[in-house]
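Undergrad: I'd like to ask some things about the structure below.
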Amino acid sequence: MSQSSQALGRYQLSQLDSLEAEGIYIMREVAAEFERPVLLFSGGKDSVVMLHLAQKAFAPGPIPFPVMHVDTGHNFPEVIEFRDRRVAEAGVRLIVASVQEQIDAGKVTEPTGRWASRNRLQTAALLEAIEEHNITAAFGGARRDEEKARAKERVFSFRDEFGQWDPKSQRPELWNIFNTRINPGEHIRVFPLSNWTELDIWGYIAREKIELPDIYFAHSRQVFERDGILLADNPYVNRDDSEEVFEATVRYRTVGDMTCTGAVRSTATEIEDVITEIAATRITERGQTRADDRTSEAAMEDRKREGYF
Amino acid sequence: MSTDILRFATAGSVDDGKSTLIGRLLYDSKSIFEDQLDSVERTSRTRGEEQTNLALLTDGLRAEREQGITIDVAYRYFATPRRTFIIADTPGHIQYTRNMVTGASNSDLAVVLVDARKGLQEQSRRHAFLATLLQVPHLVLAINKMDLVDYSQQRFEEIKEEFSAFATKLDVTDLTFIPISALHGDNVVDRSLNMPWYEGPSLLHHLEHVHIASDRNLKDVRFPVQYVIRPHKADDPELHDFRGYAGQVAGGVLKPGDEVMHLPSGLTTHIDAIITADGDVQEAFSPMSVTLRLADDIDISRGDMICRPNNKPHAAQDIDAMLCWMSEGRKLTPRSKLVIKHTTRTAKVMVRDILYRLDVNTLHRDEDVSELVLNEIGRVNLRVTQPLFVDEYQRNRLTGGFILIDEGTNTTVAAGMVTQAN
Ligand SMILES: Nc1nc2c(ncn2[C@@H]2O[C@H](COP(=O)(O)OP(=O)(O)O)[C@@H](O)[C@H]2O)c(=O)[nH]1
């Protein structure tokens, strides 16, 4: 617990301490009740916080489940390097579900066009890996403050044998009691960060001194602008000649595919600066930096129904 | 950053202004981002509405946006320099009871909205009753649309009196009345100049200042064992024999050196240390997640309970409880066999008897009852295959609450609150 909680009354927890206690409780509940859980780890800040919570939940023992990354093949190289290092430090096994392999095997088709992105293909790779490894529970880093379809999703979110989410038949969640029962072939997505906001995540990263991939902090990068989003110039994106590349000082607010994750202009090189910027920003992180959520009003909801994160 | 969290549920009949109120709280606390507002403005315009409909901010799923209704509990977040808030936004349509019970189960406070023009409705009584059934410690009756009754003190007092009379039948510990206009913002964030006769706090001020630290049970030590940590590190002398009992404190204050009792064995030992990943702590209380090391080697597993020798929960197989039935597909009938999950323990259970059904509008008890259907509440008698370590729900929400699961469909079919156990 942080020293700052001293400012609160006796027997009161600060919001970060309450959220941490809840997250740890959820992780232990999963480890106790599911045979083959996995933690979805992308190297993005939310999944980094999840991994940190998992280390805390089972200390001094090791994390009793592997982590899994759905690799589109279009990730930032800095993030992949970070992923491998962090996984080694935590002493957990990494399962990589590869979108490239799915494409090579002809199971999915590479999208084409201006906004072509492998983002949506992640669903197929994820579901196949869940099936192949017989996964019964998968921790995801989604937060309810992120997006409106997520505001209604349960902490323990049931998926049928097709991996689908049915928002109309969700299990009610009461007190801190979670219904973990499933039949073979079904699984549960578990969201231990459901009640965290973006600022809570950053506040916690600062407090716990959690390491993040460098791209979350201001750096200089070759970018171009498309529909108001700053995209990194990279080999996977179809850029036309009118889209001019220039150098800018940017950082990332979310970390996804290079093809659809936008950067924000920023000079924040330290975590405190990032927090100051985030506290002042008036645009949601997904709205500002994720092209995948802009396709329609209900983009996230549609993807979630299919089995997306 | 050192603020605490207040979780509250909002309830109201359709059109009482719940979405407008939440939209205003989010908007005035600057929790709405520009792109969210843009999208709401766009949707308002396509629908041909004149004003930006703040209610749209809280309508999440496509089906709901299309039908213009809210169908499930949704959670919203906002913060002020004093507190962080989590709103369980419980919709006022069909499924109401189920949603409200779900939202209220974790809440420190409930806001029940009443339309000042219409006064107390059957639904307002029901919402207030459900909040007290779930033992939500603080209840706020927000009398909304005061602008439409000329900010009349008399109207406010009438509703307040009528509700106070009704409230004597309920188990209310802390009740506050606030006259507001969600649409215009009166008494939502700032005290309203339109109602100088009102001397109480604004709604937000009340939410920021209501005292909740003592609402959790700090008297009865209850530590449901959730997970046993055994690192199995043969080569590490420190950890070779390590065995820690991990869990979230459900009641009382635990300290190193305390004498504790393990249930079901009844064996006593001492707490050696209370461990967290950040080092040992000198005390643990709800809702902290910690790991206990005990002085003696006792066979302890998930589902067991650690308490104090002179203050034990009931080890009960026969339990009387209030049930809220939540299944669409199945009815509850006597002799129904189900699965019960209580703290970290799961067992089989049979419903012996339905004692009565409670009319949530009139609080009338109907003893001539043979079944409970969706959204009905009743008192039942249960027989569990193995002892559960329970307290009366009134004493502790975490050790008095449980869920029932249908083994065929794996769905959660009921929420239960222990009234009596032996
Ligand atoms: N005059 C007035 N109208 C209000 C007030 N609060 C809400 N309304 C209006 O009442 C209608 C229903 O409100 P809404 O928030 O959608 O109700 P809900 O069904 O409880 O979520 C809308 O047209 C609102 O603009 C208020 O304080 N004063």
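Undergrad: Would a scan of the range B:141-154 turn up a residue that is assigned by TED's automatic domain parsing to the domain that holds B:Asn194, closer than 30 Å to B:Trp325 by Cα and out of contact with any Pro (no Cβ under 6 Å at 6 or more places or on another chain)?
TA: Checked against the condition, which is being assigned by TED's automatic domain parsing to the domain that holds B:Asn194, closer than 30 Å to B:Trp325 by Cα and out of contact with any Pro (no Cβ under 6 Å at 6 or more places or on another chain), the range B:141-154 yields at least one hit.
Undergrad: Follow-up. Report the residue count in the range B:243-273 for those that are assigned to a loop (DSSP other than H, G, I, E, B) and either in contact (Cβ under 8 Å) with a residue 24 or more places away in the chain or buried (at least 19 other Cβ atoms within 10 Å of the Cβ) (or both).
TA: Final tally of qualifying residues: 10.
Undergrad: Consider B:Asp174 carefully, then state whether it is within 26 Å of B:Thr399 (Cα to Cα) and either of a type in the set (D, E, K, R) or touching a helix residue (DSSP H, G or I) at 6+ places or on another chain (Cβ under 8 Å) (or both).
TA: Taking the combined requirement at face value, the residue satisfies it.
Undergrad: Can you report the number of residues in the range B:225-242 which are of a type in the set (A, V, I, L, M) and either surrounded by fewer than 17 Cβ atoms within 10 Å (Cβ to Cβ) or within 8 Å of another protein chain (Cβ to nearest Cβ) (or both)? Steps first, please.
TA: At the first step, the residues of the range B:225-242 found to be of a type in the set (A, V, I, L, M) are B:225, B:228-229, B:234, B:239.
Now narrow it down to the ones that are either surrounded by fewer than 17 Cβ atoms within 10 Å (Cβ to Cβ) or within 8 Å of another protein chain (Cβ to nearest Cβ) (or both): B:229, B:234, B:239.
Going through the range B:225-242 one residue at a time, the tally reaches 3.
Undergrad: Just to verify a result, which residue in the range A:151-186, among those that are buried (at least 18 other Cβ atoms within 10 Å of the Cβ), within 8 Å of another protein chain (Cβ to nearest Cβ) and among the charged types (D, E, K, R), is farthest from B:Gly416 (Cα to Cα)?
TA: Here the answer is A:Lys152.
Undergrad: Can we say B:Glu199 is among the charged types (D, E, K, R) and assigned by TED's automatic domain parsing to the domain that holds B:Phe78?
TA: yes
Undergrad: On to the next question. Among the listed residues A:Ala97, A:Ala124, A:Ala105, A:Ala137, identify the single one that is buried (at least 21 other Cβ atoms within 10 Å of the Cβ), free of Cβ contacts under 8 Å to residues at least 60 places away in the same chain and more than 11 Å from chain B (Cβ to nearest Cβ).
TA: On the way: A:Ala124 fails: buried (at least 21 other Cβ atoms within 10 Å of the Cβ); A:Ala105 fails: buried (at least 21 other Cβ atoms within 10 Å of the Cβ); A:Ala137 fails: free of Cβ contacts under 8 Å to residues at least 60 places away in the same chain.
Of the residues listed, the single one that is buried (at least 21 other Cβ atoms within 10 Å of the Cβ), free of Cβ contacts under 8 Å to residues at least 60 places away in the same chain and more than 11 Å from chain B (Cβ to nearest Cβ) is A:Ala97.
Undergrad: Would you point out which residue out of B:Val253, B:Val260 is at the interface with chain A (Cβ under 9 Å from one of its Cβ atoms) and of a type outside the set (Lys, Arg)?
TA: Answer to the selection: B:Val253.
Undergrad: Within the range A:250-309, which helices (runs of 4 or more DSSP H) (wholly inside it) include 2 or more residues that are at pLDDT below 65 and buried (at least 19 other Cβ atoms within 10 Å of the Cβ)?
TA: Numbers: elements: A:271-280, A:285-289, A:299-306.
The helices (runs of 4 or more DSSP H) meeting that bar are A:285-289.
Undergrad: Follow-up. Select from the range A:190-220 the residues that are of a type in the set (D, E, K, R) and buried (at least 20 other Cβ atoms within 10 Å of the Cβ) and list them in ascending order.
TA: Passing the criteria: A:Glu198, A:Asp200.
Undergrad: Which of the residues that make up the range A:158-178 are charged (D, E, K, R), in a loop (DSSP other than H, G, I, E, B) and without any contact (Cβ under 8 Å) to a residue 40 or more places away in the chain?
TA: Correct list: A:Asp160, A:Glu161, A:Arg171, A:Glu173.
Undergrad: Being under 30 Å from B:Phe163 (Cβ atoms) and not assigned by TED's automatic domain parsing to the domain that holds B:Val101 is the requirement here; does B:Val360 meet it?
TA: yes
Undergrad: Can you tell me how many residues within the range B:118-134 are out of contact with any strand residue (DSSP E or B) (no Cβ under 8 Å at 6 or more places or on another chain), away from the ligand (no atom under 16 Å from the Cβ) and of a type outside the set (Phe, Trp, Tyr)?
TA: 1
Undergrad: Now for a different question. Which residue out of B:Ala11, B:Ala63, B:Ala55, B:Ala74 is modelled with pLDDT under 70 and within 13 Å of the ligand (Cβ to nearest atom)?
TA: The unique qualifying residue is B:Ala55.
Undergrad: Just for the range B:135-165: of the residues that are crowded, with 20+ Cβ neighbours inside 10 Å and polar (S, T, N, Q), which one is nearest to the ligand (Cβ to nearest atom)?
TA: Going through the qualifying residues, I end up with B:Asn144.
Undergrad: Would you check if there is a residue in the range A:53-62 being away from every other protein chain (no Cβ under 14 Å) and at pLDDT 95 or above? Step through it out loud before you land on a result.
TA: We begin by selecting, within the range A:53-62, every residue away from every other protein chain (no Cβ under 14 Å); these are none.
No, because not a single residue in the range A:53-62 is away from every other protein chain (no Cβ under 14 Å) and at pLDDT 95 or above.
The values are calculated or read from the model by the stated rules, or taken from the named source; none is laboratory data. Predicted model, so just to flag it, every value in this text is computed and none were measured. As a convention, Cβ positions derive from the backbone with ideal geometry for all residues, glycine included, and neighbour counts pool all protein chains shown.
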